[in-house]
């Protein structure tokens, strides 16, 4: 058993992939929509946590400046 | 009967189908798609005497295989019985790879370094990839096993994992099952992982 292999084969195309998965067009659409929603949700969460962290940092800076 | 043609992108996943393994199963699916390869499992292959023939044909059609023996243990439910399916499929694979070394490459995975010496001492000298029983471990070792010049970063792979995981419940609900390993759920998870790898993007492809 090798520790690793170097992969050089090109990836499968979208068409080849859906043929392989035998996934109906309607389900493809649903899943893509689901994934887009999840992307938007995760991006919003990330943005939110970044702004919360910045606000906390600002608060700490102000507190240390005041003391 | 001649063996089936080899799919150069295909990775046969020999894993336990149990609840404790679900997050690692998802990590394997997502990670393999991130590396522009395609995972296959035995889910959907019906039981009966032809099942083993079909499993062998599936192994033969895959260029690579991953054998995760981290959960080869005695079942807790009586009668206490060791789980033999994964070592059995590993045995089939090793024999096939010995016969046709250019057609198949296999990898052994474990959770801890020395477990394999105890569970299958005939494999002494084989250096398993150790994932530590974590999603991070699986993704990082996949990057070590399958080297690609255009491989995504570990962080990108983790983000893709979170993305697919966030849709897991909806995929299960749509399939009307709690079984993450069922054929329909595997198909949907695969498509989601392919999409997370940029596969659904008609402009660039994965």
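Bear in mind that the values in this text are calculations on the coordinates, not laboratory data. If you're wondering where the values come from, they're calculated on a predicted model, not measured in any experiment. Here the Cβ positions follow ideal geometry from the backbone for every residue, glycine too, while neighbour counts run over all protein chains shown.
Using only the alpha-carbon atoms of the range B:1-90 as identical scatterers, what base-10 log of I(q)/I(0) does the Debye formula give at q = 0.17 Å⁻¹?
Rounded to two decimals, the profile gives -0.79.
Extension gain residue B:112-residue B:154, at 0.36 nm per residue separation less the Cα-Cα distance, in nm? Show your work: numbers first, answer last.
Working: separation 42, 0.36 × 42 = 15.12 nm, distance 2.10 nm.
Gain on stretching residue B:112 to residue B:154: 13.0 nm.
Within a 10 angstrom radius of each residue's Cβ in B:146-157, how many Cβ atoms of other chains show up on average? Whole number is fine. Can you show the working numbers first?
Numbers: counts 4, 6, 6, 3, 2, 1, 0, 0, 0, 0, 0, 0.
Average neighbour count from other chains, rounded to a whole number: 2.
Please report the relative contact order for chain B, taking Cα pairs under 8 Å with a sequence separation of at least 6, and give it as a percent rounded to a whole number. Walk me through the intermediate numbers first.
Working: 279 pairs, mean separation 51.8, N = 206.
Rounded, it is 25 percent for chain B.
Rounded, prolate or oblate, given the Cα gyration tensor of the protein assembly as shown, with a/c below 1.5 counting as rounded? Show your work: numbers first, answer last.
Working: a/c = 1.80, a/b = 1.48, b/c = 1.22.
Here the protein assembly as shown falls in the prolate category.
Taking a ≥ b ≥ c as the square roots of the Cα gyration tensor eigenvalues, with a/c under 1.5 meaning rounded and otherwise prolate when a/b beats b/c, else oblate, which class fits the range B:7-196? Please list the in-between numbers first.
Details: a/c = 1.32, a/b = 1.17, b/c = 1.14.
Because its axes are fairly even, with a/c under 1.5, the range B:7-196 counts as rounded.
Can you pull the mean other chain C-beta count within 10 Å for peptide A:34-42? Working shown, then result.
Details: counts 10, 11, 2, 3, 10, 5, 0, 2, 4.
The shielding value for this peptide is 5.
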